[in-house]
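The values are calculated or read from the model by the stated rules, or taken from the named source; none is laboratory data. What you see is a predicted model; the values in this text were computed from it and never measured. Only protein heavy atoms, including side chains, enter the accessible area calculation; ligands, DNA and RNA are left aside. Shrake-Rupley method; radii C 1.70, N 1.55, O 1.52, S 1.80 Å.
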Amino acid sequence: WDYGVIPDMTDGTCEVIDIPINVRYYFKPEKINRLFASTGLSTYLMLTEDYYYQYENNDPRLVQSWSGKNENQHYFAIYNLSVGYQWQVGNQWYLEVEPFVKLPLTGVGFGNVDLWSTGTLFSLRYNF
């Protein structure tokens, strides 16, 4: 950082492709409705990154922003963990709800951010 001054706040927008490789375990595979757990790793391909920095002392000599395209790729750098429940809703159709967490194994993006993600996947699955 310029003059050794670290920003007090960073606002960023990134376009990312998340490529997950996961394994899933069904606790009672013979059941119609069943609980499962999933774990694996994701690769993040950072397509665009735009960061804006704010400082307590807004000195114009300090870096105010940074942008990049295809600058950072993080191969197998994110740990995926989820649990879910699957309901059979037709002959071969299943409805799934799956809360998840994604934990960084390394820093992500230009600033090596400790980027955690959480969410819930809602899926409609068809078994061939």
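Per 0.36 nm of contour for each residue apart, how much would the distance between Thr39 and Glu15 grow if the chain were fully extended, relative to their Cα-Cα spacing?
Fully extending the segment from Thr39 to Glu15 adds 6.3 nm.
Ignoring ligands, DNA and RNA, what percent of the 1.4 Å accessible area of the chain is carbon and sulfur?
That fraction is 58 percent.
Would you calculate the volume per residue, in Å³, of the smallest convex hull containing every Cα atom of the stretch 10-128?
119
State the Kirkwood hydrodynamic radius of the stretch 43-91 in Å, one decimal place, computed from all pairs of distinct Cα atoms.
About 15.2 Å, per the Kirkwood formula over Cα pairs.
How far, in nm, would the chain grow between Leu81 and Lys28 when pulled straight, counting 0.36 nm per residue and subtracting the alpha carbon separation?
Net length gain for the segment: 17.2 nm.
How large is the accessible surface per residue of the chain, computed with a 1.4 Å probe and reported in Å² as a whole number?
Accessible area per residue, the chain: 67 Å².
Could you give me the radius of gyration and the Dmax of the stretch 58-128, taking only the C-alpha atoms into account and expressing both in angstrom?
19.3, 65
Cα extents of the stretch 1-80 along the three principal axes, largest first, in whole Å?
Each principal axis gives a Cα extent; for the stretch 1-80 these are 65, 25, 18 Å.
For the chain, what relative contact order do you get, as a whole percent, if you take Cα pairs closer than 8 Å and at least 6 residues apart?
For the chain, the relative contact order is 22 percent.
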